[in-house]
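Asker: Below is the structure I would like to discuss, written out as structure tokens.
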Amino acid sequence: MNTHPPAGPSLDTLRALTAPTGTLRVALNLGNPLLVHLNTQGQPEGVSVDLAHAYAERLGLPLSFQIVKVAAESVAAVTDAQADIGFVAVDPVRGAGIRFTAPYLLIQGAYAVRQDSPLQANDEVDRAGHHIVVGQGSAYDLYLSREIRHATLVRAASSQAVVQTFAEQGHTVAAGVRQQLEADLARFPGHRLLPSHFMVIQQAMGVPKTRDAAVGAALAQFVEDMKASGFVAAALQRHGVQGAGVATAA
């Protein structure tokens with residue numbers, strides 16, 4: 001009896017299954033500047049961009065980017081197969097249309113409050129009468145929509161707009177990526193971050209769930225290889241990313 005697992009598809013078949021147009025179309029979300037941003041020439045740079053180039057090289061495919069401003073647009077592009085791969089935080093709602101890899105990065109989500117706020121800890125936030133500002137459609141929005149029982153969520157247009165909305169409208173708390181909050185609060189003095197984090201985001205890659213399972217398996221193996229080889233850690237260092245750590249092996 002042959003006990004060896006069946007071989008995966010050939011590289012040519014995998015290319016066709018992964019990128020039916022012949023070009024690897026990648027959705028990039030500018031809403032998470034830890035992972036992608038535009039340089040002075042208007043070209044995308046960052047950890048996500050490096051991974052996209054590495055995967056296109058592995059498959060031997062040309063590459064094109066679909067630049068979006070918020071996570072929800074990236075999720076929609078992958079779910080609707082308008083993009084072949086995307087870089088998104090793992091969430092069960094998004095999992096309805098996206099086949100995720102294991103995470104390659106772990107990113108802290110934090111709360112910010114006014115300097116004179118009585119709040120001192122994350123578990124004090126979910127109280128009646130408190131208003132938490134969060135970027136609409138972000139991983140934090142999806143998570144807090146499930147977890148918050150007493151406070152009210154206020155959805156800003158994007159993650160980049162959270163601190164401004166929070167500060168100008170006088171809400172109780174701002175929620176987002178710790179490093180993004182720190183950077184934005186520099187423009188709005190008189191605020192502070194609460195200690196520690198209220199959640200850890202699992203940043204992963206994903207493909208449309210409608211694609212052949214071999215497509216997701218190949219991408220999952222790529223992510224594991226990039227973590228194990230030190231590629232992800234080197235990309236974090238190269239781009240000066242702090243506050244995100246390489247996820248452990250799946």
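Asker: Write down the percent of antiparallel bridges among all DSSP beta bridges whose residues are both part of segment 107-241, to the nearest 5.
Answerer: 60
Asker: Let me ask you something else. Assuming a ≥ b ≥ c are the square roots of the Cα gyration tensor eigenvalues, decide whether segment 106-199 counts as rounded (a/c under 1.5), prolate (otherwise, with a/b larger than b/c) or oblate.
Answerer: Because its axes are fairly even, with a/c under 1.5, segment 106-199 counts as rounded.
Asker: If you take the Cα Rg of the chain and divide it by 2.2 N^0.38 Å, with N the number of residues, what do you get?
Answerer: Its radius of gyration relative to the 2.2 N^0.38 Å reference: 1.08.
Asker: Where does each of 25, 94 land when they are ranked from fewest to most other beta-carbon atoms within 10 angstrom? Don't jump to the answer; show the numbers that get you there.
Answerer: On the way: 25 21, 94 24.
If I rank by nearby Cβ atoms, fewest first, I get 25, 94.
Asker: So what are the ³J(HN,Hα) numbers for segment 24-41, from phi and the Karplus equation (6.51, -1.76, 1.60; θ = phi - 60°), rounded to whole Hz, Gly and Pro as x?
Answerer: 3J(HN,Hα) across segment 24-41, in whole Hz: 6, 8, 10, 8, 10, 9, 6, x, 10, x, 4, 10, 7, 8, 9, 7, 5, 8.
Asker: Then there is this: Going toward the positive end of the dipole of the chain, with +1 on Lys and Arg Cβ and -1 on Asp and Glu Cβ, which of 67, 144, 37 do you reach last?
Answerer: Ranked along the dipole, the leading option is 144.
Asker: Provide the gained length on full extension for the span residue 41 to residue 81, in nm with one decimal, where the gain is 0.36 nm per separating residue minus the Cα-Cα distance.
Answerer: 11.5 nm
Asker: Pick from 20, 103, 118: which residue has the top mean-square fluctuation in a GNM of the chain where Cα pairs under 10 Å get a spring?
Answerer: 118
No value in this document is a laboratory result; all are computed from the given coordinates. Everything numeric here is computed off the predicted structure, so don't read it as measured data. Here Cβ is always computed from backbone atoms with ideal geometry, including for glycine, and neighbour counts include all displayed protein chains.
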